[in-house]
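The values are calculated or read from the model by the stated rules, or taken from the named source; none is laboratory data. Model, not experiment: these values are computed from the prediction. Every residue, glycine among them, receives a Cβ derived from its backbone with ideal geometry; neighbour counts consider all protein chains shown.
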Amino acid sequence: MYKKKISYRLFIVLVIFWIMFTLDFSMWNLIAGVIVSYIISRLSFGIYYDIKGFKIKIPRFTVLIQYSLRLICEIYKASFFHIFRIIKKEYAPMIVEIELSTTDPLIITIIANSITLTPGTITIDSYDNKLLVLSIENDGEFGKSIERNIKDKFESILLRKDENIVSTDNYGPYSCSNGNNLN
Amino acid sequence: MIYKILLIISWIYVIFGVIGIFRFNNMYARLLTGSKIDTAASITIIAALIIRAGISQFSIKLLLILLFLMVTNPISNHVLARSAYLNGIEVKKEGKG
Amino acid sequence: MFLLITMVLIVVAMVITSIRMIIGPTVWDRLLALNLISAKTILLLTLYGSYTDNIHVLDVSIAYGIIGFLTITLLSLFISRGGRQK
């Protein structure tokens, strides 16, 4: 049996979340938080991270902030147009298949979530790197414009981040340590 | 002052979200209405409360609630849509469907 | 004042949404109404906590959010596997 080592990055994130949830800076509370975080990060060996590093690639923090700002912007625009759609009562639902250019599960999950939140579309199912998307309005060219829209708005940011991780730094607080690059 | 304007915008979203549930005849259209307008209303209201509270303990917790809502709301809508689609509700069906 | 009006509006919206829950033709309409009501419950609790300046109500609203999310996910998985017939 090899010796289990805990991941300090996960430990620090857990302590930060403990402090954010309790907002109590007395000594016993901090000690309890440290103990609980240590136990959790010890127990999650093999599930969330491995000897080589994290199993899941997490995007960098600045990219996440930029992405969520753009997401909130898009949600506002989409809801505004949806109000007009409710008033005019027009809809023609159809199903489109979209093929993404990544195979990373986390990025596919983020993209699927943001598809659900933005202009008139909702993700139904996904397999490999294809997404089954339900769209409320029929654009007449079998979903080509929807696919272009998604690729321009969301996938470009996340893919730009990938190059950053591989090329520049492996030691940022939210980047993944080396050993499991994109294949 | 700013939070009052944001709250007034959120009233519009809440009212149209309720109207949209009753106005469409197709089930998927209702699902889309629920997923979108409701999330926009939640974001608006919580942003208004954050601006009202300023920087304090209160706004950190409100930020956590906002993060939580933005992660879980689309997931529950996926699960609903997927369950309806796999059970064979037709997409193009008009009327009561 | 504005917070009070918003709270009253959200309660009225919840009541009207529960009509959709009663008359909904399919099961998924009822689940959708349940989802909307649970999201509005979180908002109502958050507004109430902000109105009375009580920070502990926000913890309750986070707990309600987790419970509502689990309810929707488990119920729709249960239904998509065939409910009680299989």
Among C:V27, C:V8, C:V12, the single one that is over 20 Å from B:L69 (Cα atoms), more than 8 Å from chain B (Cβ to nearest Cβ) and in contact (Cβ under 8 Å) with a residue 40 or more places away in the chain is C:V27
Lone unmet requirement of (1) polar (S, T, N, Q); (2) more than 7 Å from chain B (Cβ to nearest Cβ); (3) in a helix (DSSP H, G or I) for C:N54:
(3)
Being more than 19 Å from C:I66 (Cα to Cα) and surrounded by fewer than 21 Cβ atoms within 10 Å (Cβ to Cβ) is true for just one of B:S83, B:S10, B:S56. Which residue is that?
B:S56
Quick test of your reading of the structure: C:P25 fulfils all but one of (1) modelled with pLDDT under 90; (2) surrounded by fewer than 15 Cβ atoms within 10 Å (Cβ to Cβ); (3) part of a helix (DSSP H, G or I). Name the failing condition by number.
(3)
Quick check, is B:I65 modelled with pLDDT under 85 and more than 11 Å from the chain's Cα centre (by Cα)?
no
Among the residues of region C:62-81 satisfying the criterion of being within 8 Å of chain B (Cβ to nearest Cβ) and more than 24 Å from B:L66 (Cβ to Cβ), which is surrounded by the fewest Cβ atoms within 10 Å (Cβ to Cβ)?
C:L77
Please work out if A:I16 is facing chain B (nearest Cβ under 10 Å), at pLDDT 75 or above, under 28 Å from B:T39 (Cβ atoms) and in a helix (DSSP H, G or I).
no
Matching entry among C:L47, C:L32 (being among the aliphatic types (A, V, I, L, M), surrounded by 17 or more Cβ atoms within 10 Å (Cβ to Cβ) and touching a Ser or Thr at 6+ places or on another chain (Cβ under 7 Å)):
C:L47
Within 18 Å of B:T72 (Cβ to Cβ), assigned to a helix (DSSP H, G or I) and of a type outside the set (K, R), is that true of C:I19?
no
Could you check B:S35 against (1) modelled with pLDDT of 80 or more; (2) within 10 Å of chain C (Cβ to nearest Cβ) and say which number it fails?
(1)
Those residues of region A:19-35 which are part of a helix (DSSP H, G or I) and within 16 Å of B:L64 (Cα to Cα) amount to A:I19, A:M20, A:F21, A:T22
Pair list, Cβ under 8 Å, 6 or more apart: region B:49-62 residue more than 9 Å from chain C (Cβ to nearest Cβ), other residue surrounded by fewer than 15 Cβ atoms within 10 Å (Cβ to Cβ) and part of a loop (DSSP other than H, G, I, E, B)
B:I60/A:L23
Looking at (1) surrounded by fewer than 21 Cβ atoms within 10 Å (Cβ to Cβ); (2) more than 7 Å from every other protein chain (Cβ to nearest Cβ), which is the only condition B:I19 fails?
(2)
